[in-house]
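The values are calculated or read from the model by the stated rules, or taken from the named source; none is laboratory data. From a predicted model like this one, the values you see are computed outputs, not experimental measurements. Virtual Cβ from ideal backbone geometry, glycine too; neighbours counted across all protein chains shown. Surface areas here come from the heavy atoms of the whole protein model, side chains and all, with no ligands, DNA or RNA. Shrake-Rupley method; radii C 1.70, N 1.55, O 1.52, S 1.80 Å.
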Protein chains: 2
Amino acid sequence: MANPVQEFNDVFPVLADELIAHLRSIHIPENAIEWFDRSMRHNVLGGKMNRGLTVAETLRILKRGEELSKEEIFKANLLGWCIEWLQAFFLVSDDIMDNSKTRRGQPCWYRVGGVGMVAINDAFILESAIYFFLKKHFKKDAYYVELIELFHETTYQTELGQLLDLITAPEDDIDLTRFSIEKHAFIVRYKTAYYSFYLPVALAMHMAGVKDEAAFKQAEDILLPLGEYFQVQDDYLDCYGKPEVIGKIGTDIEDNKCSWLINQALDKATPEQVKVLHENYGRRDEANVIAVKEIYNEIGVEGLFKAYEEESYTRLNALIAKLDHPLLSQDVFTSFMKRIYKRTK
Amino acid sequence: MANPVQEFNDVFPVLADELIAHLRSIHIPENAIEWFDRSMRHNVLGGKMNRGLTVAETLRILKRGEELSKEEIFKANLLGWCIEWLQAFFLVSDDIMDNSKTRRGQPCWYRVGGVGMVAINDAFILESAIYFFLKKHFKKDAYYVELIELFHETTYQTELGQLLDLITAPEDDIDLTRFSIEKHAFIVRYKTAYYSFYLPVALAMHMAGVKDEAAFKQAEDILLPLGEYFQVQDDYLDCYGKPEVIGKIGTDIEDNKCSWLINQALDKATPEQVKVLHENYGRRDEANVIAVKEIYNEIGVEGLFKAYEEESYTRLNALIAKLDHPLLSQDVFTSFMKRIYKRTK
Ligand SMILES: [Mg+2]
Ligand SMILES: [Mg+2]
Ligand SMILES: [Mg+2]
Ligand SMILES: [Mg+2]
Ligand SMILES: [Mg+2]
Ligand SMILES: [Mg+2]
């Protein structure tokens, strides 16, 4: 049996060629094709591809060991790549909105020489590719409309999470009174959990022939809290993870991020501690960061996280154990859980 | 009979309420709803609404006098509003990419206080609204998938036209050797004609029950050149129109636009004239603009336009006269033609 990562990677050049062949067929000038190709490779490739790989992996579990046909493997991986294209659309624009410098060890696309704000239109084009692929490969499938609607809805959800994130925690206008545990939960679910956790599984479910809305609802009811737990870990590791393990030095405090940690701290802090947080959060100076971390220590935010992690583990496992839809398999969710419980990177 | 403009305008508040009600139902915090609402009103409203109005107008012609039901009027106008939402998505981002200052007599959205680059995500949200409306109101219609695909494809076409425009004529890197009559034609068709001319008619055709692809092809074969003619007029009026009539002072020469005029001039110019154009096009100084206009006069670009206008009129009318598809009416196209032939604004 071929390696799933290899199978996944083999699909990218096929998809890239399809897009380029279409551009040639409508006689778009060659300089635009070169630009298109460069944007696609810079922005779609180079990530961890976890989301993309999950579609075929989930389909295998849902088919309970039945061997997938070559076509099924190709189509599942194609849907996985559609998530990677969707993510590229989000990341190109997120980096502009966050004024970021690097992404995946390279300059952000809009910072590449000569690109600038053209990157906005490049992001749009990345999104359009999804529907080009879906039409080309799924138009005859009974679940074609469901795939389209799922991508639309997930895109909209992510945009709404991004909106709330952007207006709650703008880098240049620090105001912690806008933060709250409820807003944090909304942002995390909408901005991350839908497209990273629910989308790949729901795509695989469509391919497996699942039609019952109750099955999708059961999957969502586990995957959204799972995604929330994952993002809370991300927030925790940004402050308490080992830089040499997580591969970067966290800057959520400097960046005025509406992180789980600051929301927990604000919730538990005395008026004096709140004052210190207000005076120091979202500022670039090392002294400010140290002052915030001192309050985190006083409040015991690390301990709150450990308790949250245990509570999440128990709660999510209970949700998984209760899962009884005949078309779903608990293994889909336990495999996620195993990968993320107590992760250090 | 109610006034078509009034009927069209009456639909906007219904659609705005549907979006807001949905946001309330998912418990997005109130500050995000306010932002969403402000962005929508600023960006969707305030235009001439020609594209939006064309859907119901075309449907009336296609139904050959048969009175439209209240539901048909509502749905045709809803599709018209979807074009206006699509255009809002394009314009918000185009203004950022062009570093523009005003739009429809107001500051561009990204220049409104506190907005900035959040406008990119606001543009995405404007696009997502289209598919929210289509699902809500057309899911049960036989042509639902066709509507979705048409919006996807038109969006992609517009983005490809925008890409070519952006890399052919960047404001900060003037190089007229990138220009050509062929590129101009591609940009105009893709960036403007598909969404402004073909889309509203094709939407009405779907509502009228047209299924035959040949009918859509015939419509496209007239509407794309018609849109091209319209844009060439736009380029002409930018330089030779009366500012008090067109409502603005043209700046295509200063803005390094890949306009029909400069492409005609470059095509006909002597090497000496080409040199003057290269030295003066895309620059902000009045002396530079005057130098370019002098070359235009020497070459007789105005006369070339008049000849193009007559030739287009004859050619397009011949295309319309040949139109023989039983489901199409020549009136759809002659009504466009009447509105734009020899227009001065
Ligand atoms: Mg970011
Ligand atoms: Mg961000
Ligand atoms: Mg993080
Ligand atoms: Mg512009
Ligand atoms: Mg532009
Ligand atoms: Mg113009």
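Kindly provide the set of residues from the range B:73-90 that are open to solvent by 10 Å² or more (accessible area, probe 1.4 Å) and under 24 Å from B:Met207 (Cα atoms), ordered by number. B:Ile73, B:Phe74, B:Lys75, B:Gln87, listed by residue number. In the range A:131-154, of all residues being touching a residue at least 60 places away in the same chain (Cβ under 8 Å) and aromatic (Phe, Trp, Tyr), the one that is nearest to the other protein chains (Cβ to nearest Cβ) corresponds to A:Phe132. Residues satisfying the criterion are present in the range B:196-219 (criterion: open to solvent by less than 20 Å² (accessible area, probe 1.4 Å) and within 16 Å of ligand 5 (Cβ to nearest atom)).
Within the range B:320-345, the residues that satisfy the criterion of being open to solvent by 50 Å² or more (accessible area, probe 1.4 Å) and under 15 Å from B:Tyr229 (Cα atoms) are B:Lys338, B:Arg339, B:Tyr341, B:Lys342, B:Thr344, B:Lys345. Every residue in the range B:37-61 that is open to solvent by less than 20 Å² (accessible area, probe 1.4 Å) and farther than 15 Å from B:Arg103 by Cα, please. Passing the criteria: B:Gly52, B:Thr54, B:Val55, B:Ala56, B:Thr58, B:Leu59. The single residue among A:Ser69, A:Ser100, A:Ser128, A:Ser93 that is without any contact (Cβ under 8 Å) to a residue 12 or more places away in the chain and either buried (at least 18 other Cβ atoms within 10 Å of the Cβ) or in contact with a His (Cβ under 7 Å, 6 or more places away or on another chain) (or both) turns out to be A:Ser128. Look at the range A:88-101 and say how many of its residues are on the phi < 0 side of the Ramachandran plot and either touching an Asp or Glu at 6+ places or on another chain (Cβ under 9 Å) or within 16 Å of ligand 4 (Cβ to nearest atom) (or both). Total satisfying the criteria: 7. Test of understanding: among A:Gln157, A:Gln106, A:Gln162, which residue is away from ligand 4 (no atom under 16 Å from the Cβ), open to solvent by 20 Å² or more (accessible area, probe 1.4 Å), among the polar types (S, T, N, Q) and at the interface with chain B (Cβ under 10 Å from one of its Cβ atoms)? One residue alone meets the criteria, A:Gln157. Cβ separations smaller than 6 Å between residues 6+ apart or across chains give the following pairs from the range A:194-220 residues that are aromatic (Phe, Trp, Tyr) to residues that are open to solvent by 30 Å² or more (accessible area, probe 1.4 Å): A:Tyr194/A:Gln157; A:Tyr198/A:Glu220. In the range A:229-249, of all residues being within 16 Å of ligand 2 (Cβ to nearest atom) and under 19 Å from A:Val289 (Cα atoms), the one that is least open to solvent (accessible area, probe 1.4 Å) corresponds to A:Asp235. Report, by residue number, each residue of the range B:44-66 that is touching a Gly at 6+ places or on another chain (Cβ under 8 Å) and touching a residue at least 60 places away in the same chain (Cβ under 8 Å). The answer is B:Gly46, B:Arg51, B:Gly52, B:Thr54, B:Val55, B:Ala56.
Checking A:Phe90, A:Phe124 one by one, the residue that is of a type outside the set (Val, Ile, Thr), touching a Ser or Thr at 6+ places or on another chain (Cβ under 9 Å) and within 16 Å of ligand 3 (Cβ to nearest atom) is A:Phe90 and no other. The combined condition, being of a type in the set (A, V, I, L, M, F, W, C) and crowded, with 20+ Cβ neighbours inside 10 Å, is fulfilled by B:Ile295. Helices (runs of 4 or more DSSP H) fully within the range A:249-345 that include at least 2 residues being more than 22 Å from the chain's Cα centre (by Cα) and either free of Cβ contacts under 8 Å to residues at least 60 places away in the same chain or within 28 Å of A:Gly105 (Cα to Cα) (or both): A:260-268, A:271-280, A:286-299, A:301-322. Note on the range A:114-126: residues that are more than 7 Å from chain B (Cβ to nearest Cβ) and modelled with pLDDT of 95 or more amount to 6. The residue that is most open to solvent (accessible area, probe 1.4 Å), counting only those in the range A:165-184 that are in contact with a His (Cβ under 9 Å, 6 or more places away or on another chain) and among the charged types (D, E, K, R), is A:Glu182.
The test for being in contact with a strand residue (DSSP E or B) (Cβ under 9 Å, 6 or more places away or on another chain) and either under 30 Å from B:Asn256 (Cα atoms) or more than 10 Å from chain A (Cβ to nearest Cβ) (or both) holds for B:Arg111. The residues in the range B:70-107 that are within 16 Å of ligand 6 (Cβ to nearest atom) and either within 24 Å of B:Tyr143 (Cα to Cα) or in contact with a strand residue (DSSP E or B) (Cβ under 8 Å, 6 or more places away or on another chain) (or both) can be counted, and the count is 4. If you go through the range A:170-204 and pick out every residue that is more than 19 Å from the chain's Cα centre (by Cα) and aliphatic (A, V, I, L, M), you end up with 3.
Search the range A:63-103 for residues being away from ligand 2 (no atom under 16 Å from the Cβ) and within 14 Å of chain B (Cβ to nearest Cβ), and hand back the single one that is farthest from A:Glu159 (Cα to Cα). Filtering first and then ranking leaves A:Cys82.
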